[in-house]
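Q: Mind looking over this structure? Questions follow.
Read-outs: derived from the displayed coordinates by stated rules, not from any lab. Everything numeric here is computed off the predicted structure, so don't read it as measured data. Here the Cβ positions follow ideal geometry from the backbone for every residue, glycine too, while neighbour counts run over all protein chains shown.
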Amino acid sequence: MRTEREHGWRVAVVVFAAAVTVTAVLVPAFRLHLDSPASGAIALALRGAASLFVSALAAERFARTASRLDATIGVAFGILAVADLGFALDRAALSSAQVSSAPVLPYRVIAAAVLAWAAVAPDRVIVRRPRTRLILLSCGVVIIPVFVAQRLGFLPGTDVAPAHEPTEVVVLRALIAALLAVAAIGLTARRDREGDPLVRWLAVALAVGVLVQVQRLAIPAASSPQFTWANVLQVVQAAVLMVACAGEIRSYHRRLTELAVADERRRIARDLHDSVAQDVAFIASQSKHLSEEGGDEKLALITLAAERALADSRGIVRALTRASTQPLSASIALQAQEFARRWSLKVDVATSEDVAVDPEKQEAVLRIVGEALSNAARHAGATKVWIEVAAGDGPLHVAVSDDGRGFDPESPYHRGFGLLSMRERAELVGGEVSLLSEPGRGTRVEIAIP
């Protein structure tokens with residue numbers, strides 16, 4: 001659901017940027033005219049700050065993964081950040097209305113080439129001990145030689161633009177556009193294969209960057225005011241890059257939450273296994289021994305209850321130690337399979353394979369479904385249970401129905417702790433539980449989680 005909405009927004013951004021570019025190139029009257037040198041510097045500063053943030057996040061990822069893709073993204077956007085921020089400072093400091101972007105083009109060519117190579121080359125681990133400072137050192141290794149070459153006159157480095165851009169500047173812009181296009185296409189394909197949360201939006205930002213260079217090539221520098229549609233697209237690029245950073249930070253939070261939930265589940269499982277389960281196992285074994293010796297029916301009932309409680313506790317331990325990264329659909333199917341085997345009931349599960357929710361919500365749903373299954377077997381006398389899971393554009397809906405004896409939900413005799421626990425678990429994650437039942441017509445528990 002969220003992925004489809006994000007894909008729609010990404011397409012909308014690229015379509016908007018393409019429409020602005022085509023209209024500005026073909027219709028001179030539509031070209032934006034704002035004679036404010038500071039505005040262009042602000043646009044570049046925004047994009048430079050966003051690029052710096054992307055570089056920092058990619059460097060942190062590289063420190064964990066040692067991935068070549070993460071390393072190249074960190075280096076490339078670090079170079080782009082230096083180029084944009086440096087040019088923005090020069091543009092804000094110089095009094096001339098026309099400031100050439102030629103000095104930053106070599107940096108952008110190198111960064112675009114690095115991104116293009118990263119997009120098409122297979123990813124792999126490149127170092128044994130990754131460090132964030134390796135990204136910083138790599139940026140310095142690229143930036144310093146280019147800076148020195150410009151000062152020695154080997155690369156474009158003029159400060160004031162001529163009436164028309166020289167041929168080498170046009171060639172550099174065309175090369176940047178081509179390399180960024182390759183990078184955008186390659187990262188889009190990589191995102192489709194791997195579902196990388198950061199790369200999802202980087203491809204969009206690079207596609208917008210291609211259109212920025214197209215505008216610079218199509219509209220002569222002499223007719224360009226200080227703030228143009230190209231600067232507007234640079235602001236759009238900055239916004240897209242910040243969205244990419246927000247998605248990456250959100251993924252960090254999700255992973256931390258998953259780890260916290262998994263640790264808490266393992267702690268509870270250990271405590272349950274080492275205390276309650278051991279005590280119940282002792283009670284079951286001793287009561288069984290006494291009932292066999294004395295033939296007492298009450299002891300036999302106690303033995304049966306203890307064995308059932310032991311089986312339940314072991315099932316809970318298995319559920320708690322199950323991988324928290326398992327999709328909800330698979331978790332529910334496995335839970336239903338264990339329940340059917342334990343109680344000798346038939347359980348049908350109808351669910352989508354792509355249902356995915358946050359760990360807290362998944363835990364709440366599994367516990368509510370487990371309570372509903374337990375009630376169907378212990379109290380309703382059911383022979384068959386149906387579980388339905390539906391996830392569309394709205395909330396997640398889960399329903400557990402049985403063919404048991406049913407009951408009157410309004411009766412005070414049927415307002416136990418189990419029903420209250422299900423409602424409280426749903427409310428803790430912003431959802432709700434509704435109960436439908438009639439005597440002789442079974443029970444249906446409906447869960448809605450946003």
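Q: To make sure I understand the rule: partners must be lysines, Cα under 17 Å from the Cα of K346, and not fewer than 8 residues away in the same chain. Which ones qualify?
A: Hits, sequence-local ones excluded: K384.
Q: Starting from the Cα of I185, step 7 Å along the direction of its Cβ; do the same at A311; then give the gap between the two resulting points in nm.
A: For the pair I185/A311, the computed spacing is 6.1 nm.
Q: Share of Cα-Cα pairs in segment 326-450 beyond 22 Å, in percent?
A: Numbers: 2276 of 7750 pairs.
For segment 326-450, the share of Cα pairs beyond 22 Å comes to 29 percent.
Q: Hey, another quick one. Using mean Cβ contacts within 10 Å as the protection proxy, how do 430-441, 170-181 order, highest first?
A: Result, highest mean first: 170-181, 430-441.
Q: Return the sequence-ordered ³J(HN,Hα) values of segment 116-123 in whole Hz as given by the Karplus equation 6.51 cos²θ - 1.76 cosθ + 1.60 applied to θ = phi - 60°, using x for Gly and Pro.
A: Coupling constants for segment 116-123: 4, 5, 5, 6, 9, 7, x, 7 Hz.
Q: Let me ask you something else. By how many nm would the segment from R341 to L304 grow when fully extended, if each residue of separation counts as 0.36 nm and the alpha-carbon distance is taken off? Walk me through the intermediate numbers first.
A: Details: separation 37, 0.36 × 37 = 13.32 nm, distance 1.71 nm.
Value of the extension gain: 11.6 nm.
Q: What does the highest-first list of 330-343, 77-90 look like by mean Cβ count within 10 Å?
A: Working: 330-343: 17.9, 77-90: 22.9.
In descending order of packing, they fall as 77-90, 330-343.
Q: Extension gain A174-L26, at 0.36 nm per residue separation less the Cα-Cα distance, in nm?
A: Details: separation 148, 0.36 × 148 = 53.28 nm, distance 1.88 nm.
Result for the pair: 51.4 nm of gain on full extension.
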